[in-house]
Structure formats: structure tokens, C-alpha cells
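All of the numbers you see were taken from the coordinates with simple rules; none came from a lab. Since the model is a prediction, treat every value here as computed from it, not as a measurement. Counting neighbours? That spans all protein chains shown, and the Cβs are built from the backbone with ideal geometry, glycine included.
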Amino acid sequence: MAQPKRTELHETARAIVADHKGILAADESSGTIKKRFDTIGVESTEESRRFYRGLLFTTPGMEEYIGGVILYDETIHQKADDGTPFPELLAAKGVIPGIKVDTGAQDMAGFPGEKVTEGLDGLRARLEEYARLGARFAKWRAVITIGVGIPTGGCIHANAHALARYAALCQETGIVPIVEPEVLMDADNTLEVCHEATARTLHATFDELDSQRVDLEGTLLKPHMVISGKGCSKQASSEEIAQRTIHCFLSHVPAAVPGIVFLSGGQSEVQATENLNAINRIGGPWPLSFSYGRALQASALREWGGDEANAYAAQAVFLHRARMNALAAAGEWSAELEEAVKA
Ligand code: 13P
């Protein structure tokens, strides 16, 4: 079927990553945000979640560095203190609202230790509703696990197919799909093993996107970096990570993709910034930016600590991380800039 809104899709995708801006992933499910709140001893209620997210979204100046925010179903329906719906508040600042639409990764039948992401049933109607609420892009996260004998081709294929079906439905609704095939960094694998799993995953993903007639120019890719597993005794340097990542992506990601926005995946805040900077020092045919959750929020969450009186301090910390990552997206970050803010 002809895509009636092709140009608009292309423009939206490009606008999200324009001027080295990136994405704030604030789409933690209720279960995940509870885990984050547990680390600071704050009870996760609808109101505490609304207050915290509102604090991030109303940070003055964040729109200089953040081109889009991914919301969760609850959050897209919530309002700021003055009654403005969050999507409207963001759009008024020039920040494009997005929405997580997958319903989570579940154990994959017949594939022990592997997951497949669900959420295709009824997706067309949900996308129409989200578009009505102001969402202009969406996210679907596939999870690929490294282990003994895994990832299997069966798991990679099932996830790639679901990503492509999701992406086609998004584009039909005029919503830019963020395609997120995440290879987890939780195992003890080497950089080389991550490279191989990433290459297989990207290859299958772009093959399926092509089969499902997805318009790549109206799509953003949200991948992990090619990185050593957390438990690996030999941790790769930023330069090695950058070289591997660019090398792998040049072979598997078409230049038509208007932006690659990395997830942080469990890297520390500064590590995620430093690695993104190293990646941009090499560069490629695509804007290489960020779509971080933890690596944009960890310090801000701690600074807030559930106390309204700390809201401004938390906003300052969040703004700093957003700025550091936008500089990294331009390859212009340096470690000294981290110290400057503490002075
Ligand atoms: P992290 O940056 O914390 O990995 O989260 C990004 C995200 O949206 C994962 O789906």
C-alpha cells in the first residue's frame, strides 16, 4: 500500500536527531520504574511517577539537547501540575512526543533462555489512539540474549519479523517507528562475540524491514553499542567499542536510515557519553545520537530522592547529562566538561 505520509515521516525522523539532539527514554514500564524508585527508597505511585516525569519534561533548556521523549502508556495520559497534558507540554517546547508500544519481551516457546517481544495484536488501533494523543514516533524493543548456543537464528528471526510488522503499522498511521533490536550486555562475552551477535541481528532486522516494505527514511534505529559483556574480564576501551560499532554498522545498516540513536543498556552515565563521543569521532553516513534511559536519568533520580524541594537541583543534573550527550553526538565532549559543572 502507498504510504500517504512519507514526507512527513522523513521530516519527523530527521527532526528528532537534528542539531545533535537525542532522545530521553522515559518509557519505563510500571515494573521497571518501581525498580528505579526502589533504589532511592521512593514509593512508586501514579502521583510520584507523574511528579518525577513532569520534573524531567519541564526542565528549562532541555529542548536544546532533547529532540524527542519516549512516553509510557500511563505517562502519555498524564498532565503537568498546571493541567497541560504531557504530550502537549513537550510539543509546545519543540520536543516530539513518542510512545512505547510493545507489551514486553516474553519467554520464547521452544527456545530456552531467549525472548520474543509481544504487542502486535490490536496494534493498529492503539497506534491510532496514540497518534490522536499527540505521539509522532513509537518504540518497540526486541531483546537478544548472548549465552551458550544463543542467540539462535530462530529467535533473531522471530524478533526481526515482529519489529518489521510493527514498523509497517506505525508508518501506515504516520508514526515514525524506532526499531530497537537490543543485544544485552549482561553476559561475560567478549567484544568479538557481541560483534557477531550484532551483525546477525542487524542483518536479519534490515532483511525483514525490506520484506515488510518499511520506508527506511522514515525509521530510526535504536541499537546497543558493540561492547564487552559486563562480566568479561577484558573490557574494551572506548576507541575499540567505537571502531567495532562503526565497522559492524557500516556493513549492516543502510545509509538511508536517517538516524541511529543508541541505548545505554547498563553503561554508567559517563561511560555512555564517552563511548558515544568516540563513535562520533569516527562517524558514519548517519547522525549517531542517543536514546538513553538510565544514562540520562540515574543522577537526576538520586538528586531528586523523592523530595520536591530537590526538584530544581535534579533538573540541573538532568540538563547537564542531556548537554554532555548532545556534545558527544557531535564528537565534541571531553572529560573536563564533566568537572566544570561541579565547580
Ligand atoms: P537504557 O538507556 O537505560 O538502556 O534505556 C533505553 C531504552 O529505552 C531501552 O529500551
Subject >> Spin-label pair residue 48/residue 8, simplified geometry with 7 Å Cα→Cβ offset, distance in nm >> reply: 4.0 nm
Subject >> Neighbour net charge for residue 287 - beta-carbon separation under 12 angstrom, K R +1, D E -1 >> reply: +1
Original post:
Considering only the other residues whose Cβ falls under 14 Å of the Cβ of residue 165, what net charge follows from Lys and Arg at +1 and Asp and Glu at -1?
Top reply: -4
**OP:** State whether the range 119-221 is rounded, prolate or oblate according to the following rule on the C-alpha gyration tensor (a ≥ b ≥ c being the square roots of its eigenvalues): a/c under 1.5 gives rounded; otherwise a/b larger than b/c gives prolate, and the remaining case gives oblate.
**Re:** prolate
**OP:** Could you pull out every residue, at least 5 positions away or on a different chain, whose amide H is within less than 5 Å of the one on residue 115? Hs are placed 1.01 Å off N in the peptide plane, and Pro or chain starts have none.
**Re:** 108, 145
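For residue 35 and residue 308, what does the FRET efficiency come to when R0 = 22 Å and r is the distance between their Cβ atoms, rounded to the nearest 0.05?
Details: r = 22 Å, r/R0 = 1.00.
The computed FRET efficiency comes out at 0.50.
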Original post:
With r defined as the distance between the Cβ atoms of residue 18 and residue 282 and R0 fixed at 25 Å, what FRET efficiency is calculated, to the nearest 0.05?
Top reply: 0.75
Original post:
Under unit Cβ charges (Lys, Arg +1; Asp, Glu -1), what dipole magnitude, rounded to 20 debye, does the chain have relative to its Cα centre?
Top reply: 280 debye
Original post:
Relative contact order (percent) for the range 184-257, with alpha-carbon contacts under 8 angstrom and 6 or more residues of separation?
Top reply: 50 percent
Original post:
Short version: what are the Cα gyration tensor semi-axes of the chain, square root of 5 times each eigenvalue, largest first, in whole Å?
Top reply: 28, 25, 20
Subject >> For the chain, built as a Gaussian network whose Cα springs stay under 10 Å, the top-fluctuating residue of 62, 185, 108 >> reply: 108
**OP:** May I ask you to derive the FRET efficiency for residue 131 and residue 74 from their Cβ-Cβ distance with R0 = 22 Å, giving the value to the nearest 0.05?
**Re:** 0.80
Subject >> Choice from 296, 250, 209 showing the highest fluctuation, given a GNM over the chain with Cα pairs closer than 10 Å >> reply: 250
Subject >> Residues whose placed amide H lies under 5 Å from that of residue 66, excluding near-sequence neighbours >> reply: 22
Original post:
Who wins for biggest fluctuation among 171, 106, 315 in a Gaussian network model of the chain, springs between alpha carbons below 10 Å?
Top reply: 106
Subject >> Residue range of the chain that is longest and free of GluC sites (Glu not before Pro) which are both DSSP loop and sparsely packed (at most 14 other C-beta within 10 Å) >> reply: 119-331
Subject >> Net charge over other residues, Cβ less than 13 angstrom from the Cβ of residue 148 (K, R count +1; D, E count -1) >> reply: -2
Original post:
Of 48, 25, 10, whose Cα points farthest to the positive end of the dipole of the range 1-54 (charges on the beta-carbon: +1 Lys, Arg; -1 Asp, Glu; origin at the Cα centre)?
Top reply: 10
Original post:
In the range 91-180, what % of DSSP beta bridges are antiparallel (nearest 5)?
Top reply: 35 percent
